[in-house]
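Please read the structure below before turning to the comments.
What follows is calculated from the coordinates using simple rules that are stated; it is not laboratory data. Here the structure is a predicted model, which is why all the values come from computation and not from measurement. Cβ sites come from the backbone with ideal geometry, for glycine too, and all protein chains shown count toward neighbours.
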Ligand SMILES: [Fe+2]
């Protein structure tokens, strides 16, 4: 495969770089080292991260599990790699799970590129990626899919196979890429090997299990991803430095969190900068939140509401984790200092809002933003793990949208394994108050919801700022933006337990700029 280009490249590489200790041209692999696929992500107008990670079976067969392996990457204008743009060599080390992150800069804006990796005589699959438009550019159209919650044992990734046909500029992943436990409702559709995970090796294996899926590999290879995380990348319902609620408690939760954070880095196409202090043993914290601009058309703020939050309020029996709480019976619920994003991220976001230039302002964050009262009898019952459990923090965010006159806010979320569509209110206690923007909280790729359709119908009645809710469907949303309209199409697979499942359009919505109103389209 690609023999001529490999040989041509071999000459250039040897001349430029000299042969590394484990020179790729000397290593013949008996198993495919690129069995976990390729990916790109964290795009800017002039840079992109190219990712791969060498598979453990191939490393074991080659006797290289503890050794560094030289991996060459190439970026080109064409799929044949005849017009090379950049190339380089990375040592994939055991210390970083034999992951490869090539952070390529100096690229042209709004341009498609092809990339691949090589080690020994083996060439990876070819990925396709794209840089963002230049700052201030007049972008006419943007198409993205948002997705979350892909529990391995709960179903197959047919949703991603259909996502391939959506002609996307990028995928926005909003958390729960892995789960630290097997599917909560057995029998599993496919077995989660490794059971409960708490260690670096465990997290690495769980990511490798997910990355073995051909549909997930294909959508990673098709376009860049912009990613954040939620709780299950570490542990169910964890809150900053507080252990969550799943499995046997570990002796040292912060060691578990460090392992999980490192493994996230190893398995995602993200830049080293946000993880550098963690990876060099200098800090427990990492930087996941950030923003990217799509010319003047839109800005996307990707948030992290797990790492910096206060503990959930009034979970029963002093246990950690989420619960449905009556806020009138919970003294700490409304405390003004309680934060979901942490003070630094809150300040950063407010500054971002103050300098926002985009026609649309997208917030990619973990969970449902608007108030969802679970009680349909006139009482209040709110989930304390999401924004509902941090009402002062939500109010600060909507206040800062109002004060900065943020144009056309659109909040995207995940986590709850249900589709919810509605209006962002300046005051969720006052249904007649001004709507500031719109919200699309997306369903899961596979993970199950515990709500019934009848329950959601009743909940919509008592939460009228939402116009649509669906618990039955697995899938993703596609957002298409132009300067004059936003449309969101909710796509659902017929049966996530069927690896060949078809997809259908569950609902479609439109938003016009200047009007904080979402309507069926
Ligand atoms: Fe989830």
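For the range 358-467, the relative contact order works out to 31 percent when only alpha carbon pairs closer than 8 Å and six or more residues apart are counted.
Annotation for residue 276 and residue 404: the two label points, set 7 Å from Cα along the Cα-Cβ direction, are 2.5 nm apart.
Applying 1/(1 + (r/R0)^6) with R0 = 45 Å to the Cβ-Cβ distance of residue 434 and residue 498, what FRET efficiency is obtained, to the nearest 0.05? Spell out each step's value before the answer.
Values: r = 44 Å, r/R0 = 0.99.
Efficiency, rounded to the nearest 0.05: 0.50.
If packing is taken as the average number of other Cβ atoms within 10 Å across a peptide's residues, how do 125-132, 186-193 rank, most packed first?
On the way: 125-132: 20.8, 186-193: 13.6.
Highest mean packing first, the order is 125-132, 186-193.
What's the center-to-center distance, using Cα atoms, between the range 145-169 and the range 493-509 in Å? Centre-to-centre (Cα) distance: 10 Å.
Considering only beta bridges that DSSP places wholly inside the chain, some 75 percent are antiparallel. For the peptides 147-154, 302-309, the ranking by mean Cβ contacts within 10 Å, running from highest to lowest, is 147-154, 302-309.
Where only DSSP H runs of four or more residues are counted, the chain gives -6000 deg cm²/dmol as its mean residue ellipticity at 222 nm, each run worth -39500 (n - 2.57). Across the range 142-520, Cα pairs under 8 Å and at least six residues apart give a relative contact order of 18 percent. Put the Cα centre of the range 202-248 next to the Cα centre of the range 390-412 and the gap is 28 Å.
Each peptide among 135-146, 442-453 gets the average number of other Cβ atoms lying within 10 Å of its residues, and from highest to lowest they stand as 442-453, 135-146. Note on the range 362-508: antiparallel DSSP beta bridges, both residues inside, total approximately 75 percent of the bridges counted. Quick check: the distance between the Cα centres of the range 87-124 and the range 435-488, to the nearest angstrom? Spelled out, the Cα-based centre of one part sits 37 Å from the other. The angle between the Cα long axis of helix 453-462 and the main principal axis of the chain comes to about 50°, on a 0 to 90 degree scale.
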